[in-house]
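Reviewing the structure listed below.
Here, each number is a calculation from the coordinates, and none is a lab measurement. All of these numbers come straight from a predicted model, not from anything done at the bench. FYI the Cβ positions are ideal-geometry reconstructions off the backbone, even for glycines, and counts take in every protein chain you see.
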Amino acid sequence: MTLPNDTAQSPANATSPFLKIKDLVKKFGDTIALDHVSLSLDRGQKMAVIGPSAAGKSVLLKCLAGVYRADSGNVLIDGVNIAKSSDNNQENWADRIGMLFQQNALFDSLPIWQNVCFQLIENGTLGRKQAKDRAVELLGLVGLDADSALLHPSDLSGGMQKRVGIARAIANSPEILLLDNPTAGLDPVLSNHIENMIDTIARKQNTTVITVTNDMEIAQKRYDFLTMMHEGKVYWHGKRDEISAAQNDHLAQMLKGSAQGPISMRTRNRGQHLVA
Ligand SMILES: Nc1ncnc2c1ncn2[C@@H]1O[C@H](COP(=O)(O)OP(=O)(O)OP(=O)(O)O)[C@@H](O)[C@H]1O
């Protein structure tokens with residue numbers, strides 16, 4: 001580990017990374033959900049975000065997806081600052097990013113095909129017939145058969161709903177895919193299957209993937225970079241093989257420990273978050 005720093009290094013050490021998050025701050029009243037978060041990723045790179053409850057992981061994804069507007073800081077995609085964009089650019093931004101929400105956020109009253117192609121129908125990109133065909137194609141990619149297109153979310157198991165959420169997230173072939181706990185609550189076999197699927201889709205389209213996960217094993221096995229968050233800050237960030245045994249222990253302790261993180265972190269000065 002290096003000295004504490006308020007900005008994480010670019011994982012690729014590139015001068016102009018594809019995605020650059022700089023000093024992002026998001027507050028809800030007195031709660032500082034994001035506290036000067038800085039991260040960078042290149043096209044096609046995969047990063048897992050891990051950390052205890054209320055660390056700011058979901059808020060980070062939502063700020064990137066445009067669900068929340070950050071209070072300050074910048075998010076640059078290909079050099080364009082989307083955090084300060086005009087409404088036109090905001091639309092453009094939404095076209096470039098796909099997101100799976102933690103609770104899938106499917107519309108109960110709509111059939112699966114409309115859920116999958118919701119945005120494409122809403123923005124007029126596809127008519128209903130085309131949308132249905134596209135939904136069936138996308139459902140096939142996530143391992144669901146054509147018949148499921150006509151069902152409603154309540155007809156599906158949790159794992160199937162997760163797949164539908166992923167199909168919707170990739171419907172517009174996004175350059176950046178944000179996944180909030182894609183395997184939460186699933187058994188190890190299904191988790192593995194879904195992670196394989198994400199790998200395949202991302203590799204085909206050179207998609208940059210940021211996944212929030214509570215599964216340290218998945219994070220270390222499948223993601224190029226790991227970002228550990230705590231109390232809204234980046235506590236550790238680096239390549240997966242840069243984690244030392246001691247750090248690994250610490251990170252595992254943090255994931256398994258209380259919402260406040262491991263004891264050593266609770267007693268340390270809040271300013272001393274460590275960045276690899
Ligand atoms: N819409 C909101 N209004 C008020 N506070 C919020 C809102 N969204 C998030 N927060 C707060 O921001 C902090 C970070 O929340 P976030 O959902 O990012 O945590 P997380 O790391 O994803 O946790 P978990 O793993 O439990 O989902 C928490 O204290 C949370 O209560």
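How much net charge surrounds Gln205 when only the other residues with a Cβ under 13 Å from the Cβ of Gln205 are counted, with Lys and Arg +1 and Asp and Glu -1? Don't skip to the answer; put the middle values down first.
Values: positive: Arg43, Lys46, Arg96, Arg203, Lys204; negative: Glu175, Asp199.
Net local charge, Gln205 excluded: +3.
So which lysines can Lys162 reach, going by Cα to Cα under 20 Å and dropping same-chain residues fewer than 8 places off?
Result set, ordered by chain and number: Lys46, Lys57, Lys62, Lys132.
Tell me the label-point distance for the pair Asp155, Arg43, using the 7 Å Cα-to-Cβ offset, in nm and rounded to one decimal.
Output for this residue pair reads 4.0 nm.
Would you please give the FRET efficiency between Asp147 and Leu110, computed as 1/(1 + (r/R0)^6) with r the Cβ-Cβ distance and R0 = 22 Å, to the nearest 0.05?
Computed FRET efficiency for Asp147 and Leu110 comes out at 0.85.
Suppose R0 equals 25 Å. What FRET efficiency, 1/(1 + (r/R0)^6) with r the Cβ-Cβ distance, do Ala184 and Ile32 give to the nearest 0.05?
So the FRET efficiency works out to roughly 0.50.
For Val25 and Gln119 in one chain, what is 0.36 nm times their gap in residues minus the Cα-Cα distance, to one decimal in nm? Please list the in-between numbers first.
On the way: separation 94, 0.36 × 94 = 33.84 nm, distance 2.79 nm.
Going from the current span to full extension adds 31.0 nm.
Could you order the peptides 154-163, 219-228 from most to least packed, using the average number of other C-beta atoms within 10 Å per residue? List each step's numbers first, then the result.
Values: 154-163: 16.6, 219-228: 21.9.
Most protected by this proxy first, the peptides run 219-228, 154-163.
What full-extension length gain, to one decimal in nm, is calculated for Asn196 and Glu217 as 0.36 nm per residue of separation minus the Cα-Cα distance?
Here the segment from Asn196 to Glu217 would lengthen by 6.2 nm.
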